[in-house]
Amino acid sequence: MIFTETEKDKALSLINSLRNRLSTALLPDDEGKLRRILFAAIDEGKLSRDTFGLNPILMAMQTALIAVEEIGLRRDGVMATLLAPVVLCGAYTLEDAERAFGRGPCTILHGLMHIQELYKKTPVIETENFRNLLLSFAEDMRVILIMIADRVNIMREIRDVIDKKAQHRVAEEASYLYAPLAHKLGLYKLKSELEDLSLKYLEHDAYYHIKEKLSATKRARDKYIADFIGPVRQKLEAAGLHFHIKGRTKSIHSIWQKMKKQRCPFEGVYDLFAIRIILDSKPENEKKDCWQVYSIVTDMYQPNPKRLRDWLSVPKSNGYESLHITVLGPENKWVEVQIRTERMDDVAERGLAAHWRYKGVKAGGGMDEWLAAIRRALEAGDDMQVMDQFRMDLYEDEVFVFTPKGEIRKFPMGATVLDFAYHIHSRIGNQCVGARVNGRNVPIREELHSGDTIEILTSAQQKPKRDWLQIVKTSHARSKIRQAIKEAQAAEGQYAREVLYRRFKNRKIEVDEPLMQQLIKKMGYKENSDFYVAIANEQLDVLTVIERYLELRDPQQSATEGDATARRSAADFVLKDGGGEDVLVIDRNLMGIDYSLARCCRPIYGDEVFGFVTVSGGIKIHRCDCPNASDLRSRYGYRIVKARWSGKGTGRYDITLQVIGNDDIDIVNNITSVIAKEGNITLRNISIDSDDGLFKGTITVALDDTVGLESLVKKLRAIKGVKVVNRM
């Protein structure tokens, strides 16, 4: 790996910045030892550029600077970050790192290596369980903080990369995993940057549309804020209050979420900004001063009583204190005003309250309190010894394990292999005879531990047993075992009843039901099912039952007739092979599986697709760029299966195109003419509306595959006057 001249200049600048910011935190020989290690790895040729062609040493320096400036990490965190590339590539060992730099950096490096192993193990990252497992695997919370800084750095650097698929994957991870982690840790600036950059890469048009709108309205927005603040400032100063006021514009991602939620254009989002009045008050005067500001603002501007949020009288459970009001400002625009003191603002900004969370992001039980405490410890300095106890407190009641496919499952501490089996499927649980844990065979009683990979072993001869109820820890497994035992007993009882009645028939004895009920009661059974289960369990002999029945029916007649054994033969089950060749292959080359094409994105032959297992058990096929794909992956990652087209497409697919352009007199004729010339494409429907010199319409056609679709789109875009052709 060779440094370019530009990279050399960047590296020198980064080294100077890190040296200035760390100053006395570094030990005397830290920089010299680090320089020798990095140069040795470069000379040996063990370092290589990543998927995007980025320089790992330069990336590590940039990540370290973010960790120092935005998060507050010090010497140990920076040393671990800069050593990570050479340790992960095998050019330097953890033992060498500990001897050279001490235990602190080595602990962080070990955690970074552990997380890398976790990434290789599971492809499903869009789940809350993955976030929890990632946290539980990090021996030191600085590992997570460095990973957040690293992802921010990567997101900044991949703007112009050629590999858009890799860019898309990295952006999705930033959205589903790293932004929520940054949010929980109170790293709001990084959280907002991750969300905005994710939107930029995943929904390019939406991002730039909002950015351009914000730029176009900035001057008017700044003027409006100044016009609003001016009179308020005068009134507050006249009241003798000490304060400062600032306006805060929503992030692009936040605006986009509101546009989608309210189904409105940019112009329909009225609360693009909020005014924050921060008072310099003595502790004993805080509430009085805040309410005085409230009185002054509402005297000047009409308040909306439905939008009053009073977290002064009763602070939120997480400690957040503030007074929020919405007033009708100049030009009849609603403006949110937040009133708080310096102390309240400090608490909120430090992460104890999580500013974004009080807007509706759901908390995760003890997770938030724990992470808030970590945030406080982090701000107190670089002493991270307290992290071990935090981690133990949070995860003392939970374990996280993997399926063979790398999916993550959460269980209570003490759960066993049998709990895992029933979690997968009740049939798997009923037939469980043990498991292979991390490649080692274990019994059904084996307890689960975080990080284990569990492969259940089954046998068709296995049946649930009552003592299994003492093995499992989850209520789900316990109820399934009880249900299976009850169903098995019912089936055995039914079979026993059929055997009994067949024996009666073989002996040419007519069964009188009232008399049979009398016999069952006479033999001490309250329920018919208990009676037949006793026969199935061989607690009652069939011949004895027949004799007692005959005695009850005719006490004078001796039951001496022989018994012909009747046995029920097993049914033959034949697995039918559908034969032929599937157009679509699902998961691990499985064929012959029923599936249907999702209506939300209407995939056709040649599209990149994936399968989604529905509640009813069927499989819906979606395009990878389906509008619902991100939501499905984030919320139901464990129900996603791979799918790909195979063989030769033979079907016909209906797709709809949106067409926008200049409203020329021959535009419709030109469009239909192009479609008519395509021999393998059939026009199903065309609908075009005209407004102020522009036309906007939809065209539905039937075609064979994406090759035909791409050809058609290209030809439609070439028509004079056509501006946009998009698949819907």
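Nothing in this text is a laboratory measurement; each read-out follows from the coordinates by a stated rule. Nothing here was measured: the structure is a model prediction, and the numbers come from that model. All Cβ positions, glycine included, derive from the backbone under ideal geometry; neighbour counts span all protein chains shown.
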Notebook entry, point to check: Length gain on complete extension for the stretch residue 27 to residue 302, per 0.36 nm per residue less the alpha carbon to alpha carbon distance?
Noted result: 93.0 nm
Next item on the list: Sequence neighbours fewer than 8 away in the same chain don't count; with that in mind, list the lysines whose C-alpha is under 17 Å from residue 250.
Entry: 189, 191, 200, 211, 213, 218, 223, 258, 260, 261, 333, 359
Check: What is the extension gain from residue 625 to residue 717, computed as 0.36 nm multiplied by their sequence separation minus the C-alpha to C-alpha distance, in nm to one decimal?
Finding: 31.0 nm
Next item on the list: Could I have the simple spin-label model distance between residue 235 and residue 512, label points 7 Å from Cα toward Cβ, reported in nm to one decimal?
Entry: 9.7
Note to self: As an exercise, use a Förster radius of 30 Å and the Cβ-Cβ distance of residue 467 and residue 494 to find the FRET efficiency, rounded to the nearest 0.05.
What the structure shows: 0.75
Check: Quick one: Cα centre-to-centre distance for the range 696-728 and the range 247-320, in angstrom?
Finding: 47
Next item on the list: Could I have the simple spin-label model distance between residue 436 and residue 726, label points 7 Å from Cα toward Cβ, reported in nm to one decimal?
Entry: 4.9
Next item on the list: Quick one: go through the range 198-230 and flag any residue whose amide nitrogen is under 12 Å from the point 7 Å out along the Cα-to-Cβ line of residue 660.
Entry: 205-206, 209
Check: Among 658-664, 203-209, 506-512, how do they line up from the highest to the lowest mean number of other beta-carbon atoms within 10 Å?
Finding: 658-664, 203-209, 506-512
Next item on the list: Within 10 Å, count the other beta carbons around each residue, average over each peptide in 26-37, 431-442, and list them highest first.
Entry: 431-442, 26-37
Check: If you find the alpha carbon centre of the range 21-74 and of the range 518-557, how far apart are they in angstrom?
Finding: 84
